[in-house]
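A quick write-up on the structure given underneath.
The values are calculated or read from the model by the stated rules, or taken from the named source; none is laboratory data. Not measured: the values here are computed from a predicted model. Here the Cβ is made from the backbone with ideal geometry for all residues, glycine too, and neighbour counts use every protein chain on show.
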Amino acid sequence: MTEPSILLEIADRVATVTLNRPDRLNAFDESMHAQFAQALDRIELDRAIRAVLLTGAGRAFCAGQDLAERQRGEGAVDLGATLDRFYNPLIRRLQRLERPVLCAVNGVAAGAGANLALACDIVLAARSASFIQAFCKVGLVPDSGGTFLLPRLVGTARAMGLALLGEPLPAEQAMAWGLIWRCVDDDQLLAEAHALAAHLAHQPTRSLGLTKRALHASADNSLDEQLDLERDLQREAGRTEDYREGVAAFLEKRQPVFKGR
Ligand code: T3D
(Lines give C-alpha, C1' and ligand atoms only; values in the text may rest on other atoms or scores of the structure.)
Protein backbone atom coordinates (compact mmCIF):
# COMPACT_ATOMS: atom_id res chain seq x y z
CA MET A 1 0.00 0.00 0.00
CA THR A 2 1.33 3.47 -0.84
CA GLU A 3 1.91 5.93 1.99
CA PRO A 4 -0.62 8.79 2.13
CA SER A 5 0.99 12.05 1.08
CA ILE A 6 -1.04 13.99 3.66
CA LEU A 7 -1.26 12.80 7.25
CA LEU A 8 -4.15 14.13 9.33
CA GLU A 9 -4.10 13.61 13.07
CA ILE A 10 -6.82 15.01 15.31
CA ALA A 11 -6.19 15.13 19.04
CA ASP A 12 -7.14 17.47 21.86
CA ARG A 13 -9.00 19.91 19.56
CA VAL A 14 -5.96 20.31 17.26
CA ALA A 15 -5.76 18.98 13.69
CA THR A 16 -2.18 18.35 12.66
CA VAL A 17 -1.68 18.18 8.89
CA THR A 18 1.68 16.77 7.80
CA LEU A 19 2.93 17.01 4.20
CA ASN A 20 4.28 13.52 3.66
CA ARG A 21 6.39 13.05 0.53
CA PRO A 22 9.77 13.39 2.24
CA ASP A 23 11.77 11.80 -0.61
CA ARG A 24 10.48 14.65 -2.90
CA LEU A 25 10.93 17.26 -0.12
CA ASN A 26 7.12 17.23 0.22
CA ALA A 27 6.63 18.74 -3.25
CA PHE A 28 2.99 18.91 -4.33
CA ASP A 29 1.61 16.51 -6.90
CA GLU A 30 -2.09 16.19 -7.78
CA SER A 31 -2.67 13.41 -5.31
CA MET A 32 -1.21 15.44 -2.46
CA HIS A 33 -3.45 18.37 -3.39
CA ALA A 34 -6.49 16.08 -3.41
CA GLN A 35 -5.59 14.63 -0.02
CA PHE A 36 -4.98 18.10 1.42
CA ALA A 37 -8.40 19.21 0.14
CA GLN A 38 -10.01 16.18 1.82
CA ALA A 39 -8.25 16.99 5.09
CA LEU A 40 -9.59 20.55 4.90
CA ASP A 41 -13.11 19.22 4.18
CA ARG A 42 -12.90 17.28 7.42
CA ILE A 43 -11.44 20.18 9.42
CA GLU A 44 -14.01 22.69 8.14
CA LEU A 45 -16.91 20.41 9.12
CA ASP A 46 -15.65 19.43 12.56
CA ARG A 47 -16.35 22.31 14.94
CA ALA A 48 -14.57 20.42 17.73
CA ILE A 49 -11.29 21.20 15.92
CA ARG A 50 -10.23 24.58 17.27
CA ALA A 51 -6.72 24.97 15.81
CA VAL A 52 -4.72 23.60 12.88
CA LEU A 53 -1.01 22.84 12.76
CA LEU A 54 0.69 22.36 9.38
CA THR A 55 4.17 20.87 9.07
CA GLY A 56 6.29 18.65 6.83
CA ALA A 57 7.76 15.16 7.22
CA GLY A 58 11.51 14.67 6.89
CA ARG A 59 14.16 17.33 6.33
CA ALA A 60 12.09 19.85 4.34
CA PHE A 61 8.79 21.65 4.79
CA CYS A 62 7.78 21.77 1.11
CA ALA A 63 9.60 22.29 -2.21
CA GLY A 64 6.51 23.65 -4.00
CA GLN A 65 5.19 22.07 -7.17
CA ASP A 66 6.57 18.62 -8.05
CA LEU A 67 8.50 19.54 -11.18
CA ALA A 68 8.68 15.90 -12.28
CA GLU A 69 4.90 15.99 -12.71
CA ARG A 70 5.35 18.85 -15.18
CA GLN A 71 7.55 16.76 -17.46
CA ARG A 72 4.90 14.15 -18.09
CA GLY A 73 2.22 14.17 -20.76
CA GLU A 74 2.12 15.84 -24.11
CA GLY A 75 2.03 19.54 -24.76
CA ALA A 76 2.40 22.36 -22.28
CA VAL A 77 0.41 22.20 -19.04
CA ASP A 78 -1.79 25.28 -18.50
CA LEU A 79 -0.30 26.52 -15.23
CA GLY A 80 -3.09 29.08 -14.84
CA ALA A 81 -5.48 26.16 -14.74
CA THR A 82 -3.41 24.31 -12.13
CA LEU A 83 -3.40 27.42 -9.92
CA ASP A 84 -7.17 27.73 -10.32
CA ARG A 85 -7.67 24.08 -9.56
CA PHE A 86 -5.19 23.44 -6.76
CA TYR A 87 -3.07 26.21 -5.25
CA ASN A 88 -5.55 29.10 -5.18
CA PRO A 89 -8.34 27.14 -3.45
CA LEU A 90 -5.81 25.85 -0.92
CA ILE A 91 -4.57 29.34 -0.01
CA ARG A 92 -8.12 30.74 0.09
CA ARG A 93 -9.35 27.93 2.31
CA LEU A 94 -6.52 28.36 4.81
CA GLN A 95 -7.01 32.10 4.99
CA ARG A 96 -10.80 31.84 5.29
CA LEU A 97 -10.79 29.06 7.86
CA GLU A 98 -12.14 30.78 10.96
CA ARG A 99 -9.77 28.95 13.25
CA PRO A 100 -6.10 29.71 13.88
CA VAL A 101 -3.70 27.98 11.48
CA LEU A 102 -0.16 27.53 12.73
CA CYS A 103 2.69 26.47 10.47
CA ALA A 104 5.84 24.74 11.75
CA VAL A 105 8.43 25.12 8.99
CA ASN A 106 10.77 22.23 9.71
CA GLY A 107 13.21 22.78 6.82
CA VAL A 108 13.43 24.42 3.43
CA ALA A 109 10.21 26.01 2.13
CA ALA A 110 10.55 26.73 -1.59
CA GLY A 111 8.25 28.06 -4.31
CA ALA A 112 4.60 27.47 -3.51
CA GLY A 113 5.83 25.72 -0.34
CA ALA A 114 7.22 29.02 0.97
CA ASN A 115 4.04 30.92 0.19
CA LEU A 116 1.86 28.17 1.63
CA ALA A 117 3.71 28.66 4.93
CA LEU A 118 3.34 32.45 4.73
CA ALA A 119 -0.41 32.12 4.14
CA CYS A 120 -0.79 30.54 7.58
CA ASP A 121 -1.68 32.74 10.55
CA ILE A 122 1.34 32.12 12.74
CA VAL A 123 4.60 30.78 11.32
CA LEU A 124 7.26 29.15 13.50
CA ALA A 125 10.41 28.00 11.76
CA ALA A 126 13.31 25.78 12.75
CA ARG A 127 16.57 27.75 12.92
CA SER A 128 17.96 25.65 10.04
CA ALA A 129 14.93 26.31 7.81
CA SER A 130 14.96 28.74 4.90
CA PHE A 131 12.45 30.37 2.58
CA ILE A 132 13.11 30.45 -1.16
CA GLN A 133 11.03 32.21 -3.79
CA ALA A 134 12.35 29.59 -6.21
CA PHE A 135 9.97 30.53 -9.05
CA CYS A 136 12.47 32.78 -10.85
CA LYS A 137 14.93 29.85 -11.05
CA VAL A 138 12.51 27.92 -13.28
CA GLY A 139 11.07 30.81 -15.27
CA LEU A 140 7.88 31.32 -13.27
CA VAL A 141 6.15 34.05 -11.29
CA PRO A 142 5.62 33.80 -7.50
CA ASP A 143 2.20 32.30 -6.85
CA SER A 144 0.09 30.99 -3.97
CA GLY A 145 -0.32 34.56 -2.76
CA GLY A 146 3.39 35.41 -2.75
CA THR A 147 3.05 38.66 -4.68
CA PHE A 148 0.29 39.73 -2.27
CA LEU A 149 1.85 38.63 1.00
CA LEU A 150 5.54 39.41 0.49
CA PRO A 151 5.32 43.19 -0.04
CA ARG A 152 2.81 43.48 2.80
CA LEU A 153 4.99 41.51 5.18
CA VAL A 154 8.46 42.82 4.33
CA GLY A 155 7.98 45.84 2.02
CA THR A 156 8.50 46.17 -1.71
CA ALA A 157 12.32 46.38 -1.71
CA ARG A 158 12.76 43.09 0.14
CA ALA A 159 9.89 41.43 -1.72
CA MET A 160 11.57 42.37 -5.02
CA GLY A 161 14.95 41.04 -3.87
CA LEU A 162 13.44 37.76 -2.69
CA ALA A 163 11.31 37.25 -5.82
CA LEU A 164 13.84 38.36 -8.45
CA LEU A 165 16.91 36.68 -6.95
CA GLY A 166 15.39 33.51 -5.49
CA GLU A 167 18.07 33.31 -2.82
CA PRO A 168 17.39 31.32 0.37
CA LEU A 169 16.30 33.53 3.26
CA PRO A 170 17.43 31.90 6.52
CA ALA A 171 14.77 31.55 9.22
CA GLU A 172 16.48 33.99 11.60
CA GLN A 173 16.56 36.66 8.91
CA ALA A 174 12.93 35.89 8.06
CA MET A 175 12.04 36.55 11.69
CA ALA A 176 14.13 39.74 11.81
CA TRP A 177 12.35 41.00 8.67
CA GLY A 178 8.90 40.25 10.09
CA LEU A 179 8.15 37.55 7.54
CA ILE A 180 7.41 34.98 10.26
CA TRP A 181 6.43 35.02 13.92
CA ARG A 182 9.36 33.17 15.48
CA CYS A 183 12.38 31.02 14.84
CA VAL A 184 13.21 28.23 17.32
CA ASP A 185 15.91 25.63 17.81
CA ASP A 186 15.41 22.67 15.47
CA ASP A 187 14.93 20.13 18.24
CA GLN A 188 12.33 22.36 19.92
CA LEU A 189 10.22 23.13 16.86
CA LEU A 190 7.56 20.45 17.08
CA ALA A 191 7.24 20.66 20.87
CA GLU A 192 6.83 24.45 20.68
CA ALA A 193 4.42 24.24 17.77
CA HIS A 194 2.24 21.63 19.50
CA ALA A 195 2.24 23.66 22.74
CA LEU A 196 1.21 26.81 20.86
CA ALA A 197 -1.48 24.95 18.91
CA ALA A 198 -2.83 23.48 22.17
CA HIS A 199 -2.86 26.95 23.72
CA LEU A 200 -4.75 28.40 20.74
CA ALA A 201 -7.24 25.52 20.76
CA HIS A 202 -8.27 26.48 24.31
CA GLN A 203 -8.77 30.16 23.51
CA PRO A 204 -12.03 31.83 22.41
CA THR A 205 -11.56 30.56 18.88
CA ARG A 206 -14.71 32.19 17.48
CA SER A 207 -13.22 35.60 18.26
CA LEU A 208 -9.81 34.51 16.95
CA GLY A 209 -11.50 33.53 13.69
CA LEU A 210 -13.24 36.91 13.49
CA THR A 211 -9.94 38.66 14.29
CA LYS A 212 -8.32 36.80 11.41
CA ARG A 213 -11.12 37.96 9.11
CA ALA A 214 -10.62 41.59 10.19
CA LEU A 215 -6.85 41.52 9.73
CA HIS A 216 -7.13 40.01 6.25
CA ALA A 217 -9.74 42.57 5.22
CA SER A 218 -7.55 45.47 6.37
CA ALA A 219 -5.22 44.99 3.38
CA ASP A 220 -7.89 46.39 1.05
CA ASN A 221 -10.06 48.54 3.31
CA SER A 222 -9.99 52.24 4.14
CA LEU A 223 -9.96 53.19 7.83
CA ASP A 224 -13.69 53.95 7.62
CA GLU A 225 -14.44 50.56 6.11
CA GLN A 226 -12.28 48.85 8.69
CA LEU A 227 -13.98 50.68 11.59
CA ASP A 228 -17.34 49.51 10.26
CA LEU A 229 -16.07 45.96 9.91
CA GLU A 230 -14.70 46.01 13.48
CA ARG A 231 -18.13 47.17 14.70
CA ASP A 232 -19.86 44.29 12.89
CA LEU A 233 -17.41 41.66 14.05
CA GLN A 234 -17.39 42.97 17.63
CA ARG A 235 -21.17 42.73 17.65
CA GLU A 236 -20.82 39.08 16.61
CA ALA A 237 -18.07 38.39 19.17
CA GLY A 238 -20.16 40.08 21.88
CA ARG A 239 -22.91 37.50 21.31
CA THR A 240 -20.66 34.48 21.91
CA GLU A 241 -20.70 32.25 24.97
CA ASP A 242 -16.95 32.72 25.18
CA TYR A 243 -17.31 36.47 25.63
CA ARG A 244 -19.75 35.94 28.50
CA GLU A 245 -17.37 33.39 30.01
CA GLY A 246 -14.33 35.67 29.59
CA VAL A 247 -16.01 38.55 31.41
CA ALA A 248 -17.45 36.31 34.15
CA ALA A 249 -14.07 34.63 34.72
CA PHE A 250 -12.36 38.01 34.97
CA LEU A 251 -14.85 39.31 37.52
CA GLU A 252 -14.77 36.06 39.51
CA LYS A 253 -10.94 36.09 39.43
CA ARG A 254 -10.69 32.58 37.90
CA GLN A 255 -9.36 31.07 34.68
CA PRO A 256 -11.92 31.15 31.84
CA VAL A 257 -13.06 27.93 30.20
CA PHE A 258 -13.63 28.76 26.53
CA LYS A 259 -15.64 26.49 24.26
CA GLY A 260 -15.22 28.13 20.88
CA ARG A 261 -18.90 29.06 20.84
O1 T3D B 1 3.21 23.94 -11.99
C2 T3D B 1 2.26 24.58 -11.51
O3 T3D B 1 1.17 24.04 -11.23
C4 T3D B 1 2.44 26.03 -11.20
C5 T3D B 1 2.77 26.21 -9.79
C6 T3D B 1 4.05 26.31 -9.39
C7 T3D B 1 4.39 26.43 -7.97
C8 T3D B 1 5.86 26.20 -7.66
O9 T3D B 1 6.10 25.86 -6.53
S10 T3D B 1 7.03 26.46 -8.85
C11 T3D B 1 8.54 26.17 -7.96
C12 T3D B 1 8.85 24.69 -7.83
N13 T3D B 1 9.88 24.41 -6.85
C14 T3D B 1 11.17 24.63 -7.10
O15 T3D B 1 11.57 25.12 -8.12
C16 T3D B 1 12.14 24.14 -6.03
C17 T3D B 1 12.95 23.01 -6.59
N18 T3D B 1 13.82 22.45 -5.55
C19 T3D B 1 14.97 23.04 -5.18
O20 T3D B 1 15.32 24.12 -5.63
C21 T3D B 1 15.80 22.31 -4.18
O22 T3D B 1 15.41 20.97 -4.16
C23 T3D B 1 15.65 22.88 -2.73
C24 T3D B 1 16.34 24.25 -2.67
C25 T3D B 1 14.20 22.99 -2.31
C26 T3D B 1 16.38 21.93 -1.74
O27 T3D B 1 17.68 21.68 -2.22
P28 T3D B 1 18.53 20.47 -1.60
O29 T3D B 1 19.91 20.56 -2.19
O30 T3D B 1 18.42 20.50 -0.13
O31 T3D B 1 17.79 19.14 -2.08
P32 T3D B 1 17.80 18.47 -3.53
O33 T3D B 1 18.94 17.52 -3.63
O34 T3D B 1 17.70 19.51 -4.59
O35 T3D B 1 16.40 17.68 -3.51
C36 T3D B 1 16.27 16.41 -2.89
C37 T3D B 1 15.39 15.56 -3.76
O38 T3D B 1 14.10 16.16 -3.85
C39 T3D B 1 15.95 15.48 -5.19
O40 T3D B 1 15.61 14.22 -5.71
P41 T3D B 1 16.73 13.06 -5.85
O42 T3D B 1 17.88 13.63 -6.63
O43 T3D B 1 17.10 12.73 -4.43
O44 T3D B 1 16.02 11.95 -6.54
C45 T3D B 1 15.15 16.54 -5.89
O46 T3D B 1 15.04 16.33 -7.27
C47 T3D B 1 13.80 16.40 -5.22
N48 T3D B 1 13.03 17.65 -5.32
C49 T3D B 1 13.25 18.79 -4.67
N50 T3D B 1 12.37 19.70 -5.05
C51 T3D B 1 11.58 19.12 -5.96
C52 T3D B 1 12.00 17.81 -6.14
N53 T3D B 1 11.39 16.99 -7.00
C54 T3D B 1 10.35 17.48 -7.71
N55 T3D B 1 9.90 18.72 -7.58
C56 T3D B 1 10.47 19.59 -6.73
N57 T3D B 1 9.97 20.82 -6.58
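Summary of computed values
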| quantity | calculated |
| --- | --- |
| Where a residue in the stretch 227-253 is among the β-branched types (V, I, T) and assigned to a loop (DSSP other than H, G, I, E, B) and its partner, wherever it lies, is exposed (fewer than 14 other Cβ atoms within 10 Å of the Cβ) and modelled with pLDDT under 95, with Cβ under 7 Å and at least six apart | T240/R261 |
| From R93, R13, R47, residue being at pLDDT below 95 and among the basic types (K, R) | R47 |
| Which listed residue is surrounded by 13 or more Cβ atoms within 10 Å (Cβ to Cβ), of a type outside the set (S, T, Y) and under 15 Å from R96 (Cα atoms), from A37, A15 | A37 |
| In the stretch 111-146, the residues that are in a helix (DSSP H, G or I) and either touching a Gly at 6+ places or on another chain (Cβ under 8 Å) or under 15 Å from L79 (Cβ atoms) (or both) | A112, G113, A114, N115, L118, A134, F135, C136, K137, V138, G146 |
| Selection count where residues are over 18 Å from the mean Cα position of the chain (by Cα), within 14 Å of the ligand (Cβ to nearest atom) and in a helix (DSSP H, G or I), scope the stretch 32-61 | 0 |
| Counted residues, the stretch 30-57 - those being over 24 Å from A198 (Cβ atoms), touching a helix residue (DSSP H, G or I) at 6+ places or on another chain (Cβ under 8 Å) and either of a type outside the set (D, E, K, R) or outside the structural domain of P142 (by TED's automatic domain parsing) (or both) | 2 |
| Some residue of the stretch 60-69 being surrounded by fewer than 23 Cβ atoms within 10 Å (Cβ to Cβ) and at pLDDT below 95 | yes |
| One residue from D29, D12 being near the ligand (Cβ under 9 Å from one of its atoms), acidic (D, E) and touching a residue at least 40 places away in the same chain (Cβ under 8 Å) | D29 |
| Filter result for L149 (in contact with a helix residue (DSSP H, G or I) (Cβ under 6 Å, 6 or more places away or on another chain), assigned to a helix (DSSP H, G or I), within 16 Å of the ligand (Cβ to nearest atom) and under 21 Å from G56 (Cβ atoms)) | yes |
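Per-residue answers, yes or no, for (1) part of a helix (DSSP H, G or I); (2) touching a strand residue (DSSP E or B) at 6+ places or on another chain (Cβ under 6 Å):
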{"position": "M160", "(1), (2)": "yes, no"}
{"position": "A163", "(1), (2)": "yes, no"}
{"position": "E172", "(1), (2)": "yes, yes"}
{"position": "I180", "(1), (2)": "no, yes"}
{"position": "L190", "(1), (2)": "yes, no"}
{"position": "H194", "(1), (2)": "yes, no"}
